[in-house]
Amino acid sequence: MIVYYTFVMRRLAARLLLVLVGLFLGLLMVEAAFRLAGPNIPLDLTMARFQVYHPVYGFFHQPGVSGWVRTDEFTTFVKFNTQGLRGPEVSIPKPADTFRALVLGDSVVEGAQVGEDATMAGRLRGELQGLAGGKRVESVNAGVAGFGTGQQLLFLQREGLAYQPDLIVLVFTIANDPADNSVAVARRWKLAAERRPFFVQRGGELELQPFEAPPEERWSGVRTFLRDHSVVFTTL
């Protein structure tokens, strides 16, 4: 009886293992198909999946990620460097004989609708080349979709100045920056004002308002790993 029970259990374990291996191989095939399909995946591919919680800015680009973005209006491939900025890696300290421009802004500067060279920072790099007196020209694209001027100030203080920019450009978007800069307007527009930092004026001084971190995700470590390495998981 014991021998028969052991035999049955081994057969069940073997069948379960075959099922798991089959599922794993199937997922690998779907993953490969998604990677080959690129932007032709019949699913919504938005910029939101590239942003994560940030303890200072509220949210920021996930460093080192890349992928396709597709809407009814455009299809592009975006890539973020190890500092979480769109474009090539930027060395710190700044190399000698280099003119560097830092461009601060929101989605207008981020420019997910176009290739990196066609963004505002990329175009500026080309325009400055003839004015830099023979120096190598670099532009740092510090645009983050949804950022307000307060968040851009925090980035400048915390990270931006470390790039040693010779020129700082601040782009103000009249379409939505008023709401992104005013907690009162953001609440009136029913935006998630509690998830981002705001500056308020008190006694003639600007005071930084605290904000709340999003609730902890279940299995956050596993989800982060899959989000970083699986096109299927990230897309879904």
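The values are calculated or read from the model by the stated rules, or taken from the named source; none is laboratory data. All of these numbers come straight from a predicted model, not from anything done at the bench. All Cβ positions, even for glycine, are placed from backbone atoms using ideal geometry, and neighbour counts span all protein chains on display. These accessible areas exclude ligands, DNA and RNA; they are computed on the full protein's heavy atoms, side chains included. Shrake-Rupley method; radii C 1.70, N 1.55, O 1.52, S 1.80 Å.
Grab the strands (runs of 3 or more DSSP E) fully contained in the stretch 47-92, keeping just those with 2 or more residues being open to solvent by less than 60 Å² (accessible area, probe 1.4 Å) and without any contact (Cβ under 8 Å) to a residue 24 or more places away in the chain. Don't jump to the end; show me each part of the working.
Working: elements: 51-54, 58-61, 66-70, 75-79.
It comes to 51-54.
Which number in (1) crowded, with 18+ Cβ neighbours inside 10 Å; (2) without any contact (Cβ under 8 Å) to a residue 24 or more places away in the chain; (3) not hydrophobic (A, V, I, L, M, F, W, C) marks the one condition that G146 misses?
Result: G146 fails condition (2) only.
Do any helices (runs of 4 or more DSSP H) entirely within the stretch 137-236 hold 3 or more residues that are under 17 Å from L104 (Cβ atoms) and modelled with pLDDT of 85 or more, and if so, which? So that I can check it myself, show each step before the final result.
Working: elements: 149-158, 177-181, 183-188, 220-229, 231-235.
The qualifying helices (runs of 4 or more DSSP H) are 149-158, 177-181.
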